[in-house]
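*Asks:* Below is a structure I'd like to ask you about.
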Amino acid sequence: MGGAPMRGHPLRALIFCLAAGAVGCGKELPPRLPSTAIHDRTASRVALVDFVISDRERASKVRTLYRQIEELMREAHRVQTSESKQQAQLSAGRLVSESETRASLALSRDAELTALERYVCLELAIRALTTPEEFARLDAIK
Amino acid sequence: MLWAALSAFIMSITGKGDDTFVFRKTLEHLRKTVAAEVHDPGRRQKANATLDRAAAAFVRHRQRLDKVSKCLERLDRTYAVSALDYQLCIADARPAWNATTEELVRLDKEFERELTPAEYAAIRRGARR
């Protein structure tokens with residue numbers, strides 16, 4: 001949020017942000033999670049693997065790896081969604097302790113990090129199944 | 001109380017996936033609730049300033065993670081990479097999450113201290129709507 005925090009009127013900061021188009025409150029939203037960016041990048045490649053890799057067996061394996069990456073990221077989001085809902089439900093009934101909130105956020109963090117760790121292995125496996133030329137053509141897909 | 005909203009800030013995950021628009025909506029809703037429930041100008045000012053800091057913390061969190069994203073994207077576009085290259089990118093993610101957790105826990109305590117128990121309870125109820 002660019003500039004000093006606006007104080008006083010309850011909505012002043014929001015109005016300021018909307019006017020300034022600042023990150024997080026204007027047209028420009030905060031950046032997405034790494035898992036989301038990876039999911040979207042991978043999804044665009046899955047359907048086009050067959051056009052880039054002529055060997056059907058290798059194409060099938062590469063497609064499977066991309067799908068596994070997609071599923072990993074979706075699973076991370078499922079855990080985070082579940083934690084977020086659980087927090088909301090808990091706080092509706094009583095005050096949630098600091099340790100509970102820390103534990104919940106740690107679960108969300110770990111879901112993201114676990115997905116990223118596994119994704120590294122899958123990305124390296126994709127390279128083992130593709131030539132540099134095929135990889136470059138897949139990379140050209142936006 | 002506020003924590004439920006703050007955790008939504010951090011995750012901003014909905015049934016449709018990572019939805020950063022949720023962040024903006026949640027912030028707007030909290031500000032309206034504070035405006036409706038906190039009538040003392042001094043306390044209202046402090047509560048809004050804390051919300052400002054929470055919002056800034058969320059944006060900083062996503063900006064830190066965006067550096068991880070950009071690092072990973074660069075590697076994804078490179079054929080000759082190693083597991084270590086990827087690990088170096090990912091190494092920044094855990095400290096980013098941990099730092100934001102600590103910052104928001106601190107802000108949540110500040111928020112509670114700035115309000116009366118009745119105001120805090122009212123905002124807690126309002127945050128769920």
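*Asks:* Shielding of B:109-122 by partners, i.e. mean partner chain Cβ atoms within 10 Å per residue?
*Replies:* For this peptide, the per-residue mean of nearby foreign Cβ atoms is 0.
*Asks:* Work out the mean other chain Cβ neighbour count within 10 Å for the residues of A:67-79 and drop it here as an integer. Present the calculation step by step, with values, prior to reporting the outcome.
*Replies:* Working: counts 0, 0, 1, 0, 0, 0, 2, 1, 0, 2, 7, 2, 2.
Counting other chains' Cβ atoms within 10 Å and averaging over A:67-79 gives 1.
*Asks:* Let me ask you something else. How do A:THR36, B:THR116 rank when sorted from fewest to most other Cβ atoms within 10 Å of their own Cβ?
*Replies:* Final ranking by Cβ density, sparse to dense: B:THR116, A:THR36.
*Asks:* If the reach is capped at under 17 angstrom between alpha carbons, list the aspartates and glutamates near B:LYS25, excluding any in the same chain fewer than eight residues apart.
*Replies:* Counting by Cα, and skipping residues close in sequence, B:LYS25 has these aspartates and glutamates nearby: A:GLU28, B:ASP52.
*Asks:* Using the alpha-carbon centroid of each, what span in Å lies between the range B:93-125 and the range B:26-61?
*Replies:* Comparing the Cα centres of the range B:93-125 and the range B:26-61, I get a distance of 11 Å.
*Asks:* Per residue of A:103-116, what is the mean number of Cβ atoms on other protein chains within 10 angstrom of that residue's Cβ?
*Replies:* So the per-residue partner count for this stretch is 4.
*Asks:* For B:ALA80 and B:ASP92, compute 0.36 nm times the residue count separating them, minus their Cα-Cα distance, and round to one decimal in nm.
*Replies:* 2.1 nm
Just so you know, all these numbers are worked out from the coordinates, no wet-lab data involved. Keep in mind that what you see is a predicted model, and the values were worked out from it rather than measured. Glycine also receives a Cβ, built like all others from the backbone with ideal geometry; neighbour counts cover every protein chain displayed.
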